[in-house]
Every structure is written in structure tokens, then in C-alpha cells.
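Since the structure comes first, as C-alpha cells, the remarks are kept for the end.
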Amino acid sequence: MQALRKFSVEKAIALQNKLSKRVKKTSFLPSRLKRIGGLDVAYSDDKAIGSCAIVDYETLKVLEAITILTKATTPYIPGFLAFREAPIMVKTAKKLKLKPDVYLVDGQGIAHPRRFGLASHVGVLLDSATIGVAKSRLYGEIKGDFLYDEEGDVIGKVFAAKRSGKTLYISIGHKISLEDALRITSNCTTNGSPEPLRVAHELAVKRRLEMRS
């Protein structure tokens, strides 16, 4: 089993603070969205499975779906998930034949103590629009349907998924407004999870099971 790389929390905090200044909180999207991507990661021992599904924005039909197998070289530390998963997601995205207009990322965007969670990290590295879609709250106070930081600024939206009522935490990743992030997530959510992320997750889990069989 490959040893995990030594991790410096102090250096990671400094980098997050630095890169968070690059995050763009307005939308850089085409006038008509065509393709939406979903990025996820699963693990099998020290191996990481990066997965991405691209769907048609109107029909939610899967246009492309891929997985890659790589190494998990950084430990998981709460608040620093991006240092473990962003390189895997970026590597996966670069294997795609199609380029989506925006990626949905299974993780936080700016709803993060240093306003630079996994979705923001991936967005800045890819220079692409990204949306943070998290299944749990990492940071911020919930008031009504919004997440607020300590200064009282809105950093995310609490979203009840259609049909299932499952709660998701939506935040800006990069190159998108919160309003557009919520609209896009809502439009591609049918059964409790946004379709690109649902397909990407199932792909990763399937490959993990195949590896273990």
C-alpha cells in the first residue's frame, strides 16, 4: 500500500486563503446551457476512482461517462478534502471528450471556513464553472433556506431535492452566481440527487465493486 504524502495544515490553509481570492462569484456561462457534468470520487483501499458523467441539460440523457483509477496520496482531513480529491477530479475531467458548460462537484464550494472548498478548488484548477453540491453542512449558520458566514454574508442555499426531500447544500464553486447554481441544480434533480452526480456516483461504486469481485 502506498504511503500517504505528508500533509501540512499550515501550508494548506495559506494556499486556500490565497486561491480563494481567484474565485469568481458571477456566472460565466453560455446563453443556452447544453451539457452539465458531475464529478465524484470513490475509494478502494489506497486506490481512488475518479468518475464523471456528462448529461444533456434539457433531456438529462447521459452523453459521456468515464472513470479513472489512480492513487489516493493525501490523507482525508475535514476542511481539506480538496487536497485529496481535487487532483483526482481534475485528472478525470481532462480525460473527457466532451466539455460541459458547468460541473457539479460532490462537495462544498465557498460554504467553507476559508471560502475555498472542493468545488472552488476544482473550478480554479480547471478554469471552469463549478457548483458545490454537498450532502452535509461543513460551515455556516442556517437561517431559513440560506447559509450565512460569521459576517452575515450568504455563502450557500439549503435545497430540498425534488420528490425525496433530501437536503443538499448548494454553494458557488467558481464562475457562477448562487442564483444560477441553484437553478441548474434544481433543473437536473429528479430523484433526490442531481442526475450528473447520481450517474457519476453509480459509475464509481460499480467500478469499486468490480475491483473487489
Restricting region 115-164 to residues that are assigned to a strand (DSSP E or B) and of a type in the set (G, A, S), the one farthest from G79 (Cα to Cα) turns out to be A160
Residue check, G107 surrounded by 24 or more Cβ atoms within 10 Å (Cβ to Cβ), free of Cβ contacts under 8 Å to residues at least 40 places away in the same chain and not polar (S, T, N, Q): yes
Which ones in region 118-128 are in contact with a helix residue (DSSP H, G or I) (Cβ under 8 Å, 6 or more places away or on another chain) and surrounded by 24 or more Cβ atoms within 10 Å (Cβ to Cβ)? L118, S120, H121, V122
So the check is Cβ under 9 Å with 6+ separation or different chains; which pairs have a first residue in region 187-207 that's under 15 Å from F159 (Cβ atoms) and a second one that's modelled with pLDDT of 95 or more and basic (K, R)? T189/R198; T190/R198; N191/R198; G192/R198
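Residues are listed down the side, and each one gets a yes or a no for (1) surrounded by fewer than 22 Cβ atoms within 10 Å (Cβ to Cβ); (2) without any contact (Cβ under 8 Å) to a residue 40 or more places away in the chain; (3) over 23 Å from E195 (Cα atoms); (4) aliphatic (A, V, I, L, M):
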residue	(1), (2), (3), (4)
S136	yes, yes, no, no
Y148	yes, yes, yes, no
S171	no, no, no, no
H174	no, no, no, no
Taking interchain pairs and intrachain pairs at least six residues apart, which have beta carbon atoms under 9 angstrom, with the first residue in region 62-81 and buried (at least 16 other Cβ atoms within 10 Å of the Cβ) and the second at pLDDT below 95 and among the β-branched types (V, I, T)? G79/V9; F80/V9; F80/T74
Restricting to region 36-60, count the residues that are under 17 Å from the mean Cα position of the chain (by Cα) and either among the aliphatic types (A, V, I, L, M) or surrounded by fewer than 17 Cβ atoms within 10 Å (Cβ to Cβ) (or both). 10
Any idea how many residues of region 34-69 are modelled with pLDDT under 95 and either under 16 Å from K99 (Cβ atoms) or polar (S, T, N, Q) (or both)? 1
Identity of the residue in region 3-33, surrounded by 11 or more Cβ atoms within 10 Å (Cβ to Cβ), of a type in the set (K, R) and modelled with pLDDT of 95 or more, that ends up farthest from the chain's Cα centre (by Cα): K18
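If I go through region 34-64 residue by residue, how many of them are of a type in the set (S, T, Y) and not in a strand (DSSP E or B)? Give the derivation first.
Within region 34-64, the subset of a type in the set (S, T, Y) is 43-44, 51, 57, 59.
With the extra rule that they be not in a strand (DSSP E or B), the set shrinks to 57, 59.
Within region 34-64, residues that are of a type in the set (S, T, Y) and not in a strand (DSSP E or B) number 2.
Taking the condition closer than 27 Å to R208 by Cβ and assigned to a loop (DSSP other than H, G, I, E, B), does F28 pass?
Values: closer than 27 Å to R208 by Cβ: no; assigned to a loop (DSSP other than H, G, I, E, B): yes.
The answer is no for F28.
Would you confirm, using the coordinates I've provided, whether D56 is of a type in the set (D, E) and more than 17 Å from V205 (Cα to Cα)?
Details: of a type in the set (D, E): yes; more than 17 Å from V205 (Cα to Cα): yes.
Yes.
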Of the listed residues (S171, S186), the one being of a type outside the set (K, R) and under 23 Å from L98 (Cα atoms) is S186
Here is a list: T67, T92. Which entry is closer than 21 Å to R35 by Cα, among the hydroxyl-bearing types (S, T, Y) and assigned to a helix (DSSP H, G or I)? T92
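The values are calculated or read from the model by the stated rules, or taken from the named source; none is laboratory data. This structure is a prediction, so every number in the text was calculated from the model and none was measured. Because the Cβ atoms are built from the backbone with ideal geometry, glycine has one as well, and the counts that use them run over all protein chains shown.
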